[in-house]
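Enquirer: Have a look at this one before I ask anything.
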Amino acid sequence: MTDKLGRMDHFEVLHAELLQMQQEHRDLDDAIEALHERVSPDILLLQRLKRKKLLLKDKIQRLEDDILPDIIA
């Protein structure tokens with residue numbers, strides 16, 4: 001929720017950050033796919049994009065863990 005001054009609360013900030021990271025992850029996936037379709041892809045760039053995508057996935061997981069409370073079963 002936002003306060004009287006229109007500021008977002010901590011949860012909203014985390015959620016917005018999560019959405020941004022998820023979009024960036026999809027964009028990296030598209031870029032990797034486009035590189036794979038080239039006749040002679042830039043292997044070094046492909047490796048860098050894959051590494052960045054993996055690091056971003058880890059950040060997304062940590063952020064999701066922060067947003068969603070643990071459920072003890």
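Enquirer: Go through the range 9-37 and report how many residues are touching a residue at least 12 places away in the same chain (Cβ under 8 Å) and closer than 15 Å to Ile60 by Cα. Can you show your working first?
Expert: Restricting attention to the range 9-37, the residues satisfying the condition of being touching a residue at least 12 places away in the same chain (Cβ under 8 Å) are 11, 14-15, 17-18, 21-22, 24-25, 28-29, 31-32, 35.
Pick out the ones that are also closer than 15 Å to Ile60 by Cα and you get 11, 14-15, 17-18, 21-22, 24-25, 28-29.
Matching residues across the range 9-37 total 11.
Enquirer: Let me ask something additional. Please tell me if Lys57 is touching a residue at least 12 places away in the same chain (Cβ under 8 Å), in contact with an Asp or Glu (Cβ under 9 Å, 6 or more places away or on another chain) and assigned to a helix (DSSP H, G or I). Steps first, please.
Expert: Values: touching a residue at least 12 places away in the same chain (Cβ under 8 Å): yes; in contact with an Asp or Glu (Cβ under 9 Å, 6 or more places away or on another chain): no; assigned to a helix (DSSP H, G or I): yes.
Considered against the rule, which asks whether it is touching a residue at least 12 places away in the same chain (Cβ under 8 Å), in contact with an Asp or Glu (Cβ under 9 Å, 6 or more places away or on another chain) and assigned to a helix (DSSP H, G or I), Lys57 comes out as no.
Enquirer: May I pose another question? Scan the range 50-73 residue by residue and report those that are hydrophobic (A, V, I, L, M, F, W, C) and over 20 Å from Glu17 (Cα atoms).
Expert: If we filter the range 50-73 for residues that are hydrophobic (A, V, I, L, M, F, W, C), which is where we start, we get 54-56, 60, 63, 67-68, 71-73.
Across the range 50-73, the qualifying residues are Ile71, Ile72, Ala73.
Residues checked against (1) touching a Cys at 6+ places or on another chain (Cβ under 9 Å); (2) at pLDDT below 95; (3) at negative phi:
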site	(1), (2), (3)
Gly6	no, yes, no
Asp9	no, yes, yes
Leu14	no, yes, yes
Leu18	no, no, yes
Asp27	no, no, yes
Asp30	no, no, yes
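The values are calculated or read from the model by the stated rules, or taken from the named source; none is laboratory data. These numbers were taken from a predicted model, which means no experiment stands behind them. Note that each Cβ is placed from the backbone with ideal geometry, even for glycine, and that neighbours are counted across all protein chains shown.
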